[in-house]
Amino acid sequence: MPETIGSNVARIPVNGRDLSIFDVHLVARRRVPVHVPSSCVAAMKRSRAVVDKMLAEDRVVYGITTGFGFMKDRKIEHHEVAALQRNLVMSHAAGVGVPFSTPIVRAMMLLRINALVKGFSGIRPEVVELLTEMLNRGVHPVIPCQGSVGASGDLAPLSHLALVLIGMGKAEYRGMVLSGADALEAAELKPIELAAKEGLALVNGTQAMGALGCLALEQARNLAKVADIACAATVEALLGSQAPFQSAVHLLRPHVGQMASARNLTRLVAGSEMMQSHKDCGQVQDGYSLRCAPQVHGATRDALTFARGVFQIEINSVTDNPLIFADREDAISAGHFHGQPLALPLDFLAIAISELANISERRVERMVNPALSNGLPTFLTTKPGLNSGLMVAQYTAAALVSENKVHAHPASVDSIPTSAGQEDHVSMGTTAGRKLGVVLENAMNVLAIELMCAAQGIDLRPKMAPGKGVAAAHRFVRTVVPYLDDDRVLSDDIRRLRETIEDGSLVAAVEEAVGPLE
């Protein structure tokens with residue numbers, strides 16, 4: 001977490017040990033500055049001294065005095081060592097596609113710093129200092145999002161990042177895209193010439209997929225709360241029952257996420273006059289999308305917990321190759337750059353978040369379908385025929401969940417050998433992370449549609465108050481999207497609600513009324 005130093009500016013210490021996923025969020029999205037403690041500078045100097053000694057002794061060490069990948073056996077002459085590192089960065093910057101967003105780039109920069117400061121990469125502290133200053137001053141490399149196979153690290157994305165440090169490539173600075181050299185000059189920074197091992201240290205790692213995963217996890221944690229809020233509002237609109245959410249029920253199958261979701265749902269509908277009004281009605285059971293919501297939402301929550309554990313380890317790990325052990329004066333080639341530990345949970349997250357959207361769309365269908373809505377008017381409009389109401393909002397939700405089924409197909413089951421067969425198994429973890437971003441965006445839109453429909457359904461019931469949490473959600477929705485009397489363009493309504501999900505303001509409004517949700 002941020003600490004106050006010197007000028008009373010809160011800065012997050014980046015020491016390679018205890019960076020949290022929330023810290024990544026703070027630096028990436030809120031632009032909280034960082035600093036590298038002096039103990040880490042000393043560790044980097046120790047590992048750098050080992051690299052310099054290897055050079056002086058003309059030892060054969062991968063990536064320092066040899067080529068890369070398939071060309072591992074090609075000896076590099078002493079006078080060519082610096083050129084080798086520069087050539088590595090230039091040749092590996094082969095990415096294509098639209099650039100990563102600025103938050104993703106900032107997260108990548110932070111995670112690369114955090115891996116390097118551990119002192120196992122043989123990089124000079126001044127290189128890390130330049131990368132840190134770029135992050136703090138807002139010099140953001142332009143990094144194409146496609147080109148990584150997620151095995152020898154995120155080579156192409158990290159090479160585009162590294163280009164700017166040597167005054168090449170492109171960077172965004174204060175809203176303008178400039179050449180790397182011009183961006184550094186505008187920020188009063190100077191490019192650096194890479195020494196032995198340093199190009200490899202900058203480009204070998206899992207920081208693109210790490211950045212994608214960390215930021216997705218922060219969004220998903222909020223989205224899990226939104227799913228419970230939307231579900232509770234739908235239960236009220238459909239005159240459903242809160243009985244399946246009781247703690248006595250869930251203690252018989254005590255999955256952690258399931259019990260948390262059930263507690264949230266119980267709190268959100270507490271004190272509902274709408275539920276009291278139909279306490280003794282003849283409806284025996286609600287549909288699965290209502291009754292089984294804790295089980296479905298809870299399974300997603302448990303998937304998030306698993307993934308957070310994996311990413312928390314990864315972002316405080318060394319993902320370089322070779323590893324420089326200063327105490328042994330040794331370099332060991334290993335496989336910490338391989339993205340498989342991240343690829344699997346990234347794919348798992350896409351599946352888990354897709355399910356939040358899947359069940360949400362089914363609740364939307366129950367509200368707009370007069371055969372399932374327990375008395376609500378067709379498509380939630382009082383003038384069906386003349387008006388279509390929220391009919392096509394459900395179409396959009398259906399389209400999005402269907403699209404998510406495509407993106408939920410795991411990328412990590414694929415592998416294409418690279419580097420002439422030397423790198424013969426790859427993770428495709430960055431592809432998994434990029435797909436996850438699409439799934440998250442679609443899920444936010446689906447939940448926005450559910451909230452819009454639930455608010456309309458509540459308005460169409462007799463004037464009885466919903467539970468305290470649902471009432472707070474309803475009031476908030478109505479500050480963003482007015483009641484639908486006559487047909488209007490719905491696209492902007494969905495977008496505005498989705499934005500309140502993304503920025504956390506919807507959850508904040510509900511939590512102000514009922515306290516923190518789990």
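Where a number appears in this text, it was derived from the coordinates with a stated rule and is not lab data. The structure presented is a predicted model; accordingly, all values stated were derived computationally and were not measured. Note that we place each Cβ from the backbone using ideal geometry, even for glycine, and neighbour counts take in every protein chain shown.
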Seminar exercise, completed: Taking every alpha carbon pair in the chain and sorting the distances into 10 angstrom bins from 0 up to the bin holding the longest one, the percent per bin comes out as 4, 18, 25, 20, 15, 10, 5, 2, 0
For this session: Please list the equivalent ellipsoid semi-axes of the stretch 215-346, computed as the square roots of five times the alpha-carbon gyration tensor eigenvalues, in descending order and whole angstrom.
Result: 46, 12, 11
Exercise. Efficiency by 1/(1 + (r/R0)^6): what FRET value for residue 77 and residue 177, r their Cβ-Cβ distance, R0 = 45 Å, to the nearest 0.05?
Worked result: 0.75
Seminar exercise, completed: A correct fewest-to-most ranking of 489, 60 by other Cβ atoms within 10 Å would be 489, 60
For this session: With all distinct Cα pairs included, what does the Kirkwood hydrodynamic radius of the stretch 3-205 come out to in Å, to one decimal, could you say?
Result: 17.2
For this session: Round to the nearest 10 and give me the degree value, 0 to 90, for the angle of helix 256-269's Cα axis relative to the longest principal axis of the chain.
Result: 40
For this session: Determine the shape class of the stretch 107-239: with a ≥ b ≥ c the square roots of the Cα gyration tensor eigenvalues, call it rounded for a/c under 1.5, and otherwise prolate if a/b is greater than b/c, oblate otherwise.
Result: prolate
Problem set entry | Length gained when the stretch residue 330-residue 20 is fully extended (0.36 nm per residue, less Cα-Cα span) | 108.6 nm
Problem set entry | Set 118/190; 405/468; 170/225; 225/463; 225/405 screened for pairs whose C-alpha atoms are more than 29 Å apart | 405/468; 170/225
Exercise. Between the helical axis of 505-514 and the dominant principal axis of the chain, each derived from Cα atoms, what acute angle in degrees is found, rounded to the nearest 10?
Worked result: 60
Seminar exercise, completed: Cα extents of the stretch 391-518 along the principal axes, largest first, in whole Å, come to 70, 35, 19
Exercise. By counting other Cβ atoms within 10 Å of each Cβ, how are 164, 139 ranked from fewest to most?
Worked result: 139, 164
Problem set entry | Convex hull of the stretch 300-396 built on C-alpha atoms - directionally averaged projected area, nm² | 9.2
For this session: May I ask you to sort 88, 346 by Cβ crowding, counting other Cβ atoms within 10 Å and putting the fewest first?
Result: 88, 346
Problem set entry | the stretch 3-205: antiparallel DSSP beta bridges as a percent of all, rounded to 5 | 90
Exercise. Given labels modelled 7 Å from the Cα in the Cβ direction, how far is it in nm from residue 133 to residue 273?
Worked result: 6.5
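Run the helix sum for the chain: -39,500 (n - 2.57) per DSSP H stretch of 4+ residues, divided by residue count, reported at 222 nm to the nearest 500 deg cm²/dmol. Working shown, then result.
Working: 20 runs with 284 residues, N = 518.
Rounded to the nearest 500, it is -17500 deg cm²/dmol.
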Problem set entry | Chain lengthening between residue 415 and residue 489 when straightened (0.36 nm per residue, less Cα-Cα) | 22.2 nm
Exercise. To the nearest 0.05, how large is the calculated FRET efficiency for residue 405 and residue 383 if R₀ is 30 Å and r is the Cβ-Cβ distance?
Worked result: 0.30
Exercise. Given a Förster radius of 35 Å and the C-beta distance between residue 190 and residue 438 as r, what FRET efficiency does 1/(1 + (r/R0)^6) yield to the nearest 0.05?
Worked result: 0.35
Exercise. Once both labels are modelled 7 Å past Cα along the beta-carbon direction, what's the residue 425-residue 479 spacing in nm?
Worked result: 5.3
